[in-house]
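Taking it in order: structure first as structure tokens, then the write-up.
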Amino acid sequence: MKFVPSFRIVDADRNLLECDYEKENPSSLVLDFGRIPSKRSQENADLERNSKQWGLHLPVAKAPDFKDFFVYATPRQKILVVSASGYEGRSLLRENNWVVLTFTPFGSKDTLQLPVRVIRVSECANPKDEFGEESYTVLIEWLDDYDFGVFEVSENTGIIFQQQVENLIICGKPNGDPGSIRDFTDTDFVALASDFPAVLGTPSFQYVNDDSVIVSVIDTGLWYKLGGDKKNLIGSYLNSETNERKFDVAKIEKIESQNDRLRGNSWGYCAVTSYLRSCKDADNVFDAEYKTNLDYENLATRTKLEILNNPYDDNRVTSLNPTRSEGRHGSIISAVINQQGKVPVLPVKAFNCAGWGTIYDLLCSLNYVLACKEAGMNIQIINASFEGRLNPDGYELLKKKFEQLEKNKIWVVAAAGNEGQELVFDDFNTMPSATGVDAVNVFPACFSKIFNNVITVTDVSPFIKFERKDLHNRDLSYAKVNLNERIKKDLNLDLDLYDWFSGYHFNGNYSTEFVNAAVVSAYPSPSDGKPLHGTSFAVSYFSGKLAEYLTTHPTEPSDALTRQNVIDAITESTLELSGRIKNGALLKMDNGPLF
């Protein structure tokens, strides 16, 4: 699932770069960061350099037949759904195995026999009723120079789902969110290498194994640090009152996985495929590019099992001007939910150290959550603080997974996105603008119209506008100012001379069709109390409040009325938002917004 409304590549002057790659097929727009830059343009050289800075570490191409929709995928990879019937004979269910499949390249009517390598088989099976039988989601790759194409659905191979999907890139914004690329330039944010710990074990979180509501956080993971003795793993942080506070984490009992590949899983899951290709038991030839990646150097001594069972939050970005560090996105989200909802989290890492992910990693993450639910864990909410675009095939495959979330009575709180635009989805008839500064075909946000368990949340900030009564041609506007007794002192204004108007500014996307609620920012950081903005954090605060409500008022998602009743119980209806948010639903923080 390619995430953020577009894959926008900008130069230092914020100019959109159009980057063709010289290939035998000139109609294929490819940004392949692993090759020598094209002699046609310096832009490819800039992209190759900046891709390392952004931390993508994957070749990228515009999805076929969808170039104008800003949907990007990893070329020469495909996601298949493969039957587990007669498992021993299913060569597509054995990782690192080579299989010859019948393949039709994109734009061609001719078929050929194409050798493909099985990169990964989802650790947890798809729910049996998702495809009518036991099956797994499989990622394959090939070396031949055909970027995209379709494989023959065959009983012999076990491929059972016609909607085969390119491995779409997930990206988001703003900086620090999964997929941060918007302002990454030489003088701005830089993605730092993974600091995956050299010592592994069970972190000293506060483990909860009672009947508490559990919120699964699909994000960049959960942070912990190495103790002074270099042995203990400390799972705590200083809260805004400078008190030591442990993360509250759901205790995991044994869950089902293919060939027990998640044995020993106790506190979460890492679904990042590129990390598994960087570990010491990855293939020395075909995974060499990952194993020699300096950003993944800390992963080189770890086994696949160790990585799968450790959703460590290595998300780190830093800015050069001014100097400051950000990141640990999933950890901030989890801390907010712990503090606001007083409930444990289930950390699921779907994004790498720079906040990048793929739809395949997301599908594996959702299978894991569903497996935990099947094992008896009280997972009632998924916090989805990410957003982006899909093509039709990606939409159909992810929609089937969300059908399973709805059947399993799991609420999904989804980010509306941070473009400040109206969300639009009309079955892919509307195309995004050339700049990508819009909110067309954004998911999972737009799933709220299809599934009654999805609640899409946006971010707003209050503002006050002052106008001189005697000089109407003069205008004083102040954004983010509290309407209280401090105005006169803070602004040094004689309020009798002014008319004032209050309202809300949309930092996130809006829609009476898709957006179910807004949260007033800025939000106090759970660690240092500094202000946070963006729909990612709006979602986390809403998830916390929803979890708090469900603890005392257990409510399973069923129909649109049930969803609206739950939203009404934790928000208030605001006339000022009713034209842009469904029912004008607004959640105000207990301590009010920070400015």
Past 32 Å, Cα to Cα, is the threshold; run K225/K342; K231/K291; K400/K588 against it and keep the listed order. K400/K588
Summed residue charge, Cβ within 14 Å of T512's Cβ, Lys/Arg positive, Asp/Glu negative: 0
Over the heavy atoms of D211, what accessible area does a 1.4 Å probe trace out, to the nearest 10 Å²? 140
Loop-resident GluC sites (Glu not before Pro) in segment 385-433 with no more than 14 other Cβ atoms inside 10 Å, DSSP not H/G/I/E/B, are none
Once amide hydrogens are built 1.01 Å from N within the peptide plane, the residues lying 5 or more places from A125 or on another chain with amide H under 5 Å from its amide H are Q258
Please list 3J(HN,Hα) in residue order for segment 561-578, calculated via the Karplus relation 6.51 cos²θ - 1.76 cosθ + 1.60 where θ = phi - 60°; whole Hz, with x for glycine and proline. 5, 4, 4, 5, 4, 5, 4, 4, 5, 10, 10, 10, 7, 10, 4, 5, 9, 5
Sequence order, segment 396-409: Karplus ³J(HN,Hα) from phi using 6.51 cos²θ - 1.76 cosθ + 1.60, θ = phi - 60°, Hz rounded, Gly and Pro as x, gives 5, 5, 5, 4, 5, 5, 5, 4, 5, 5, 5, 4, 8, 6
Expressed as a whole percent, how much of the Cα-Cα distance distribution for segment 77-151 exceeds 22 Å? 26
Quick one: net charge around P344, please, counting Lys, Arg +1 and Asp, Glu -1 for every other residue with C-beta under 12 Å from its C-beta. 0
Once amide H atoms are placed 1.01 Å from N in the peptide plane, what residues at a sequence separation of 5 or more from G149, or on another chain, have their amide H within under 5 Å of its amide H? F106
Determine ³J(HN,Hα), in whole Hz, for all residues of segment 512-522 in sequence, where each value follows from phi through the Karplus function 6.51 cos²θ - 1.76 cosθ + 1.60 and θ = phi - 60°; x replaces Gly and Pro. 6, 8, 10, 8, 8, 6, 10, 10, 7, 9, 7
Restraint check, K128/K401; K407/K582; K409/K449; K401/K545; K128/K349, Cα-Cα greater than 20 Å: K407/K582; K401/K545; K128/K349
Considering only the other residues whose Cβ falls under 10 Å of the Cβ of L101, what net charge follows from Lys and Arg at +1 and Asp and Glu at -1? 0
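The values are calculated or read from the model by the stated rules, or taken from the named source; none is laboratory data. Keep in mind that what you see is a predicted model, and the values were worked out from it rather than measured. Backbone-built Cβ (ideal geometry, glycine too); neighbour counts: all protein chains shown. The accessibility values were calculated without ligands, DNA or RNA, using every heavy atom of the protein model including side chains. Shrake-Rupley method; radii C 1.70, N 1.55, O 1.52, S 1.80 Å.
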